[in-house]
Amino acid sequence: MIKLYDKGVYLLNNNEIIEDSPQAIFAVSQKLGIDNIDKEKARCGTMAYKILKSHNTSSSMSKLKIKFDKLISHDITYVGIIQTARASGLEKFPMPYVLTNCHNSLCAVGGTINEDDHMFGLSSAKRYGGIYVPAHQAVIHQYAREMMTEVGSMILGSDSHTRYGALGTMGIGEGGPELVKQLLERTYDIPMPKVVAVYLTGTPRRGVGPQDIALAIIKAVFKNGYVNNKIMEFVGDGIKKLSMDYRIGIDVMTTETTCLSSIWVTDDEVMEYYKIHNRQKAFKYLKPEQAAYYDGMVYVDLSEIKPMIAMPFHPSNAYTIDELNANLYDILDEVEKNALTVLGNKVKYTLKDKIRNGKLYVEQGTIAGCAGGSYENICDAADILSGKNIGADEFSLSVYPASQPILMELVKNGTMAKLIASGASIRTAFCGPCFGAGDTPANNALSIRHTTRNFPNREGSKITNGQIASVALMDARSIAATAANHGYLTSAEDIDVKFGRPRYFYDSRIYDNRVYNGAFKPDTTVEIRKGPGIVDWPKMPELTNDIILKVVSVILDPVTTTDELIPSGETSSYRSNPIGLAEYTLSRKDPEYVGRAKAVQKAEKARLAGNDITASNPELENIYSEISKKFTIDIDNTQIGSTIYAVKPGDGSAREQAASCQKVLGGLANIAKEYATKRYRSNLINWGMLPFILDGDLPFEKNDYLFIKDIRKAIQNKESEIKVYIVNKDMKEFTLTLGELTEDEREIILKGCLINYYSG
């Protein structure tokens, strides 16, 4: 059972809940015997407030300027981050910065791109004083848990699942430019976020794993935005009933709620985790004050949650497995209707052909990554499969331990032998199944995965090529139960098993022998190694006073993910080449976008070169003529760019490329009803793009031209509303807003991008 409180709540001594009301303060005072308590003081009683205050460098707790303790990136993002920082004047890493190699660990066909990037990372760690984790050693977040976390600290990562709250560390996932700011000793600037309590009580049922709890919470809070851009603070008596791996498994999935970060109460279980990993000094007890005020509460009775399955194409599209099995045709019909919205009519899509003898059959199971590849998940899966086999038909099962230390212990205690004997195949630490680069299913296949996301394309599909597969998210235990049933969907509650839960022993030799640790030891004599696939950022001009925007794409889906803005998978071949990568922008959502954007950009390049603009884009002659009927226009000083409209863009990955690729193609703005995440809006701003908000009906169409007079002055003067004119519709006027911008954000937009801002 999950309950969402309509109002804020006071939490007393981590166990008593008093819902906000005119009488609440009196009740709190009476129970605690405190006379001077009030709501604002109680707000300061949360764990989140204390951590943010200790990292805030501004004089205001309403406008935070955060300096993080540590940074972490993987090999899809760190090249672009370091290249941006180098172009902005980087001299050394001012804090521990870990470069992991868990997203592009495969030797891709088509060149030596993987190792080129990896050698760039190693040479950068040596030159600037960083930490380098070679490929196959650990997925990014498992390494952070084992080696970087510290109770009360903050870590910024260039991956959306930067979540270490269960270990007492506030992790935030952002686009690369926010890490660049930290590398240049600037700050992460945000308004004080609201804090929502997640009160856990009860004990999980046998067979229910952390993914089941996480999916139930995501289902309850995603669509209504209950925790959007807020901090989820986990409290309650149920926490002590959860193992460390279990807590971590719930925590990592909080990203899918669209919250900003998470933090948990720490106890002896957390202390033991740090002790096992030889980092006892990183532990301290953390809990809310006697009275803490929260802006809402998610009340979770763990004992009421059953094994779950999140159907395509979002983790919030969740049902109990029992419910799905009992209502197969009805639920699959709903999934297929949703697919029409998500996929359009680009492919024929059905899951009803998976029904065999009245049961749902799946072709693949995967337990992997920062969510699924934990020691406990894999041990429990092995116990379920012990003495059984996965069969010799279509169904396959692959298991990816999250780190080499986990793999070593699983080998030592015989867990791997059980899995291999059952027919499962074992992989090294790799994030591929989470973004479509590992164990890609067959066309029209259904894969069940204990990973983080099941968005379209996350399993490797190319919808524009007529290829589609589906991912449903499940917990490792029910995946193993399904495997034991030869691919027929089965709840782990239906399996008679005794979980052995062998004790975990951490062996530090793996990292001691392989990880390069040069933190705070920069060596300026080291030359940065760059392969042919590593390309510098193109020059980006400052924002002019007036701008012309052509609407080159209109996306009316309720939510647009970053995977749809710039797909993962094969695009990673160009992860270090911004110009090459930009060719894939919106390729699976609007394949004609790149051509339309380039046509607009051609005119802008002509303007910058002092050439005849209308020769490269004849339709602009009429556009200039229409504008001049109302305004005096200085063609040489009026920037021409493209824009897209999407209802709610930016859900999902922190990848900055979702914004930077648009900018590389000449994009100057996004227009949206709202932005799905803070990090996507920040990415737009850091690449000098205007994050417009449109309130009301859409007044323009694709291929319309928009003119904005005095946009530069409007930003400088902090104007709240921006007048826009639809040129090819008789200069029809409508209004956009930019939302709240910090002084630095305004200057970044005016300069054209973060690189320009820092370099001069």
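Among the residues of segment 237-263, just one is out of contact with any Lys or Arg (no Cβ under 8 Å at 6 or more places or on another chain), more than 22 Å from HIS450 (Cβ to Cβ) and surrounded by 24 or more Cβ atoms within 10 Å (Cβ to Cβ), namely ILE263.
Listed by position, the strands (runs of 3 or more DSSP E) inside segment 1-111 whose residues that are surrounded by 13 or more Cβ atoms within 10 Å (Cβ to Cβ) and basic (Lys, Arg) number at least 1 are 63-66, 70-73.
Examine segment 535-548 for a residue that is under 21 Å from GLY436 (Cβ atoms) and not acidic (Asp, Glu), and state whether such a residue exists. No, because not a single residue in segment 535-548 is under 21 Å from GLY436 (Cβ atoms) and not acidic (Asp, Glu).
In segment 543-550 there is no residue matching the filter, namely being of a type in the set (Ser, Thr, Tyr), touching an Asp or Glu at 6+ places or on another chain (Cβ under 6 Å) and surrounded by 14 or more Cβ atoms within 10 Å (Cβ to Cβ).
Of LEU698, LEU706, LEU738, LEU684, all but one fail to be buried (at least 19 other Cβ atoms within 10 Å of the Cβ) and more than 30 Å from THR162 (Cα to Cα); the exception is LEU706. All of GLU674, GLU719 fail the test of being at pLDDT below 95, surrounded by fewer than 19 Cβ atoms within 10 Å (Cβ to Cβ) and over 20 Å from LEU586 (Cα atoms), apart from GLU719. Counting only residues that are more than 22 Å from the chain's Cα centre (by Cα) and crowded, with 24+ Cβ neighbours inside 10 Å, segment 195-206 holds 2 of them.
Scanning segment 446-470 for residues that are out of contact with any helix residue (DSSP H, G or I) (no Cβ under 9 Å at 6 or more places or on another chain) and either of a type in the set (Val, Ile, Thr) or assigned to a loop (DSSP other than H, G, I, E, B) (or both) yields ASN454, THR464, GLY466, GLN467, ALA469. Being hydroxyl-bearing (Ser, Thr, Tyr), under 25 Å from TYR705 (Cβ atoms) and either outside any loop (DSSP other than H, G, I, E, B) or touching a residue at least 60 places away in the same chain (Cβ under 8 Å) (or both) is the filter here, so list the residues in segment 719-757 that pass it. Listed by number, the residues that qualify are TYR725, THR735, THR737.
Only one of the listed residues (SER303, SER243) is among the hydroxyl-bearing types (Ser, Thr, Tyr), under 24 Å from ALA492 (Cα atoms) and out of contact with any helix residue (DSSP H, G or I) (no Cβ under 7 Å at 6 or more places or on another chain). That residue is SER303.
Going through segment 295-322 one residue at a time, which ones are modelled with pLDDT under 95 and surrounded by fewer than 21 Cβ atoms within 10 Å (Cβ to Cβ)? SER316, the sole residue that qualifies.
Using the structure shown, decide if LYS346 is modelled with pLDDT of 95 or more and part of a loop (DSSP other than H, G, I, E, B). It is false that LYS346 is modelled with pLDDT of 95 or more and part of a loop (DSSP other than H, G, I, E, B). Out of contact with any helix residue (DSSP H, G or I) (no Cβ under 9 Å at 6 or more places or on another chain) and either crowded, with 21+ Cβ neighbours inside 10 Å or farther than 22 Å from ASP245 by Cβ (or both): does that describe ASP496? Yes; evaluated as a whole, the condition is true for this residue.
The values are calculated or read from the model by the stated rules, or taken from the named source; none is laboratory data. Owing to the predicted nature of the structure, the values given are computational and were not obtained by experimental measurement. Methodologically, a virtual Cβ is constructed for each residue, glycine included, from the backbone with ideal geometry; neighbour enumeration extends over all protein chains shown.
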